[in-house]
Amino acid sequence: MLKQTEFRLLTLIAAATLLVALANIVLFSQNRDRQQEVTSRGQYIQQSVQLEGLYREIVKALADLAVRNNDKPIRDMLAAQGISVTASPAPAAATAAATATATPAAAELKKGGK
């Protein structure tokens, strides 16, 4: 038979073990949720990287359109996103070719920091 102090000591150890097990369960659950969040963010970043080229082409097309048509609303929209558009003068040889083939004027894009 156990003495009174041995019984209390074993009960205290059992209670501490139970608390540690419960803490482990809670931490495991929180860790799993955080891992899912990190995985989700990683997937978003991967998808964004894949679309970067497309976004760059869209911005370039909008800038060319704004320069070619002197379209102030498109310039303002790009400026609101931190992108400055300036018309760069075409070289003399390119000017003749541009006139002959009716290509749009070149536009220079600069991404402004926010």
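The values are calculated or read from the model by the stated rules, or taken from the named source; none is laboratory data. Only a predicted model underlies this, so the values are computations on that prediction, with no experimental measurement involved. Glycine gets a Cβ as well: all are built from the backbone with ideal geometry, and neighbour counts include every protein chain shown.
Going by the conditions given, is LEU65 at pLDDT below 95, assigned to a helix (DSSP H, G or I), among the hydrophobic types (A, V, I, L, M, F, W, C) and loosely packed, with under 13 Cβ neighbours inside 10 Å?
So LEU65 fails the test.
Given the criteria modelled with pLDDT under 55 and surrounded by 13 or more Cβ atoms within 10 Å (Cβ to Cβ), does ALA106 qualify?
Yes; evaluated as a whole, the condition is true for this residue.
So LEU54 ticks every box in (1) modelled with pLDDT of 90 or more; (2) surrounded by 10 or more Cβ atoms within 10 Å (Cβ to Cβ); (3) within 23 Å of the chain's Cα centre (by Cα) but one. Which box is left unticked?
Failed condition: (2).
When you scan the stretch 3-13, how many residues do you find that are assigned to a helix (DSSP H, G or I) and exposed (fewer than 10 other Cβ atoms within 10 Å of the Cβ)?
2
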